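Chemist: Below is a structure I'd like to ask you about.
The values are calculated or read from the model by the stated rules, or taken from the named source; none is laboratory data. Bear in mind that the values here come from a model prediction, so they are computed numbers and not experimental data. Quick reminder, even Gly has a Cβ in these numbers, built from the backbone with ideal geometry, and neighbours come from all protein chains shown. Each accessible area value is taken on the protein alone, full model and side chains, heavy atoms only, with ligands, DNA and RNA left out. Shrake-Rupley method; radii C 1.70, N 1.55, O 1.52, S 1.80 Å.
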Amino acid sequence: MRKQQQVWLKEHAIQAALPSLASLEPASGVVFFVEFLTQQQRLTGTAIDIGSGKGRNSFYLAKHSFEVYGIEYIQEAIDFSNKLAEQNTGLQPVYFQWGEIDKPWPFAENFFDVAIDSFASIDIETKVGRELCREEMFRTLKPGGYALVTVCSIEDEWEKEFITHSPGLEPNSTIWPENGKFQKDYDELEVKTFYRNFKLIEFKKIVKPAFKLGRSGLATNYWLLLRKPN
Ligand SMILES: C[S@@+](CC[C@H](N)C(=O)[O-])C[C@H]1O[C@@H](n2cnc3c(N)ncnc32)[C@H](O)[C@@H]1O
C-alpha cells in the first residue's frame, strides 16, 4: 500500500453509524459548481467525482440529477458510501468503485458530462501522476463538458508554513509534519498553466476562516471552473 494511502486509511476509519443524507455537507466549491450548472441548464447526465472519499459531493450531485461515478483508493470509504447509497434509494444512481486516479481510468472517452476534483489530485505524489489524472479527466469528459477543480493555494496559512518548514521535493509541495501526507499546492499562474488544455471559464480565490489541524486561521483555496473545448 502507498504511504499516502495509509494516511487516508486512518482518516477514513469507518464511523459506527451511517449519517443521514441530509446531514452530509458538500464542499462549498461543489455547491458553486451546481449553481453554475443550474444557470447553464446542464443538470443532467453523468458525473465523475475523483477521490470521492466518503461521498459527500457525489451524493450532492446525485440529488441534483446526475448519475454519479465515484473513484477512490480506500476500500473502507467506498464501502461506507455504497452503504449510504443502498440506504437512500430514490436518488439518481451513485456508483462508487475502487481505483487510482493517477492510473488510466476505466471509463470510455467522452463518457462524462461533468467532473469534479475536490482536493483530490493535490494528493498525488508525482507530477507525472497528476498530469495523467488531468489527461484522464480531459479524455473522459464530453466536448463542452464542465469540470470543477479545487486546490490549496501556497498562500494558505497552514500550507505556507508547511512548505517552508516541511517541504516536499517538488516546488510548492509539502510533507505534512504530523502524519507524513504529501500535498501539492499551487500559485495562481502555476495552476492556470497546468490546466491550460481546458478553457478556463472562471477562476476564484477563496479566503475564509477555518479550523484545521487543531487551530483557527485563514484558509486560501483556488477554484477552477473548466470546460473541455468542443
Ligand atoms: C482531501 S480528500 C477529499 C475527498 C472528497 N473529494 C471531498 O471533497 O470530500 C482526498 C481524497 O482523495 C483520495 N485519493 C487521494 N489520492 C488518490 C489516488 N491516487 N487515487 C484514488 N483516490 C485518491 C483520498 O483517499 C481521499 O479520500
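Chemist: If you place +1 on the Cβ of every Lys and Arg, -1 on the Cβ of every Asp and Glu, and leave all else neutral, what size is the dipole of the chain about its Cα centre, to the nearest 20 Debye? Each step should come with its number before you reach the end.
Modeler: Details: 27 positive and 31 negative charges, 68 e Å.
For the chain, the charge dipole is close to 320 debye.
Chemist: Within the chain, what whole-number % of the accessible surface is contributed by carbon and sulfur, with the 1.4 Å probe and all protein chains included in the calculation? Provide the component values of the computation, followed by the final result.
Modeler: On the way: 5830 of 10800 Å².
Of the solvent-accessible surface of the chain, carbon and sulfur hold 54 percent.
Chemist: Under a crude label model (7 Å from the Cα following the beta-carbon direction), how far is TRP98 from SER20 in nanometres?
Modeler: According to this spin-label approximation, the distance is 3.4 nm.
Chemist: Stretched out fully, how many nm does the piece from GLU76 to ASN179 gain, at 0.36 nm a residue minus the Cα gap?
Modeler: Details: separation 103, 0.36 × 103 = 37.08 nm, distance 1.93 nm.
Result for the pair: 35.2 nm of gain on full extension.
Chemist: Kindly write out, for region 144-158 in residue order, the coupling ³J(HN,Hα) from the Karplus curve 6.51 cos²θ - 1.76 cosθ + 1.60 (θ = phi - 60°), rounded to whole Hz, with x marking Gly and Pro.
Modeler: So the J values, rounded to whole Hz, are x, x, 9, 9, 10, 10, 10, 9, 8, 8, 5, 7, 4, 4, 6.
Chemist: Between GLU170 and THR89, take the C-beta separation as r, use R0 = 45 Å, and let me know the FRET efficiency to the nearest 0.05.
Modeler: Values: r = 44 Å, r/R0 = 0.98.
For GLU170 and THR89, the calculated efficiency is 0.55.
Chemist: Got a sec? Charge dipole of the chain, +1 on Cβ for Lys and Arg, -1 for Asp and Glu; which of ASN57, LEU218, VAL31 is way out at the positive end?
Modeler: So the residue we want is VAL31.
Chemist: List the aspartates and glutamates whose Cα lies under 17 Å from the Cα of LYS103, skipping any in the same chain that are fewer than 8 positions away.
Modeler: Here the aspartates and glutamates satisfying the reach criterion relative to LYS103 are ASP49, GLU72, ASP117, ASP123, GLU125, GLU131, GLU135, GLU136.
Chemist: Pick from GLN75, GLN97, GLN40: which is most flexible by mean-square fluctuation in a GNM of the chain where alpha carbon atoms under 10 Å apart are linked?
Modeler: GLN40
Chemist: Along the Cα-to-C-beta direction of ILE201, a point sits 7 Å from the Cα; which residues of region 42-76 have their amide N less than 13 Å from that point?
Modeler: Answer for region 42-76: 42-44.
Chemist: Here is a further query. Over region 26-227, give the accessible area per residue in Å² for a 1.4 Å probe, as an integer.
Modeler: Numbers: 8740 Å² over 202 residues.
Roughly 43 Å² per residue, with all protein chains present.
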